[in-house]
Number of protein chains: 2
Amino acid sequence: MNQGTDLRGLIGYQIQRAHLVMGADARAALAPFDLSPAKFTALLLIRDNPGCDQTALGRALSVNRSSAMKLVNILEERGLVERRAGRDLRTNALFLLPEGEVQIGAMIEAVHQSDARMTQGLSRQEAEQLLVLLRKISGEEPMSDSEADTGIA
Amino acid sequence: MNQGTDLRGLIGYQIQRAHLVMGADARAALAPFDLSPAKFTALLLIRDNPGCDQTALGRALSVNRSSAMKLVNILEERGLVERRAGRDLRTNALFLLPEGEVQIGAMIEAVHQSDARMTQGLSRQEAEQLLVLLRKISGEEPMSDSEADTGIA
DNA sequence: TATTGTTATACTCTATAACTATA
DNA sequence: TATAGTTATAGAGTATAACAATA
């Protein structure tokens, strides 16, 4: 199937394709833990930002409050994270539970192995360069929440 | 929100984030045409592979026959593409219609402008290097169809 | 038997809108 | 008024499983 120069030269198209193949492999790597890549990312963000609230988590994941809730619900049902009282009575503070700490090590290992496998055609310098270029596109900080959820109810 | 080294160092994670921001911009660029990025890609593939069948189109897009059908249905409803008799009585041959040719030029222009806008932080050399590295990850040819649809019924 | 198109159905992910409690 | 969480509902996108026609 001929992709044509209009597609081949689009960085967005190549990113979409790379995302497809890498996402599929990461999903397979996480299948034994019954977690999607997005839920794994949420778990890691909670571990690295203990006490964060759901809105901040959603902002980091570029999903709105409602979607963040569903993620946290599942992680909580699995006994991986916990909602505690937050800084005021409206907010939850999220924490990784011991069971989450036990499992997250193996998850990280599996995902990093997947990442290495999918980029094995790249030299170490190329992989490092790719990280730098990708971070330039997405910026170092997550997308603003205002585009996903204005908070206007 | 602290991303942590376990996430920051994952190429798959950075690709996911870049895909998110670039996909959103491309979607906005295509909004005046009421087409998603995937449907635009399908349209371009049909233009550049006149007479291709739906299964081949799906393979190039990494979706199965059923999903490819829905894409073609919408493009056909819009009067952009046409199903003609294929090489045997089972297959459809897909062709871009004059109305599709009229519209596709402006679509390509909009998407390329979006692509340039989202990568304006990159030098020309960096953009070229990024294309090369991304193609190394996804390979030059689309993912095998056998993983999306075995054809076993 | 295998393949193409097709249809019906279901699942995942995410958004929108509204509500409650709190600030 | 504004914000955090919550809930119900809806939409997009895709997969699975089956079927008919054809190879």
Worksheet, complete the sentence: The correct count of residues that are surrounded by 11 or more Cβ atoms within 10 Å (Cβ to Cβ) and free of Cβ contacts under 8 Å to residues at least 40 places away in the same chain in segment B:85-101 is 5
Worksheet item: Here are B:Arg8, B:Arg27: which of them is within 16 Å of DNA strand D (Cβ to nearest atom), over 22 Å from A:Met1 (Cα atoms) and among the basic types (Lys, Arg)?
Response: B:Arg27
Discussion item. Go through segment A:26-36 and report how many residues are more than 16 Å from A:Arg117 (Cα to Cα) and either of a type in the set (D, E, K, R) or at the interface with another protein chain (Cβ under 7 Å from one of its Cβ atoms) (or both).
Written reply: 1
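Using the structure shown, decide if B:Ala93 is in a helix (DSSP H, G or I) and over 18 Å from B:Ser36 (Cα atoms). I'd like the intermediate steps shown before the answer.
Working: in a helix (DSSP H, G or I): no; over 18 Å from B:Ser36 (Cα atoms): yes.
The answer is no for B:Ala93.
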Discussion item. Any residue at all in segment A:50-60 that's under 21 Å from A:Leu122 (Cβ atoms), at pLDDT 95 or above and surrounded by fewer than 18 Cβ atoms within 10 Å (Cβ to Cβ)?
Written reply: no
Response to the item:
Note on B:Gln54: of the conditions (1) within 14 Å of DNA strand C (Cβ to nearest atom); (2) closer than 20 Å to B:Ser138 by Cα; (3) within 15 Å of the chain's Cα centre (by Cα), unmet is (2)
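Does A:Gly23 satisfy being out of contact with any Ser or Thr (no Cβ under 8 Å at 6 or more places or on another chain), surrounded by 16 or more Cβ atoms within 10 Å (Cβ to Cβ) and at the interface with chain B (Cβ under 9 Å from one of its Cβ atoms)?
Numbers: out of contact with any Ser or Thr (no Cβ under 8 Å at 6 or more places or on another chain): yes; surrounded by 16 or more Cβ atoms within 10 Å (Cβ to Cβ): yes; at the interface with chain B (Cβ under 9 Å from one of its Cβ atoms): yes.
So A:Gly23 passes the test.
Filter segment A:1-12 for residues that are part of a helix (DSSP H, G or I) and at the interface with chain B (Cβ under 7 Å from one of its Cβ atoms); which is surrounded by the most Cβ atoms within 10 Å (Cβ to Cβ)?
Filtering segment A:1-12 for residues that are part of a helix (DSSP H, G or I) and at the interface with chain B (Cβ under 7 Å from one of its Cβ atoms), the one surrounded by the most Cβ atoms within 10 Å (Cβ to Cβ) comes out as A:Gly12.
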Worksheet item: So how many residues does segment B:33-88 have that are within 12 Å of DNA strand D (Cβ to nearest atom), assigned to a helix (DSSP H, G or I) and among the polar types (S, T, N, Q)?
Response: 5
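The values are calculated or read from the model by the stated rules, or taken from the named source; none is laboratory data. These numbers come from a predicted model, not from an experiment. Neighbour counts run over all protein chains shown; Cβ positions are idealised from the backbone, glycine included.
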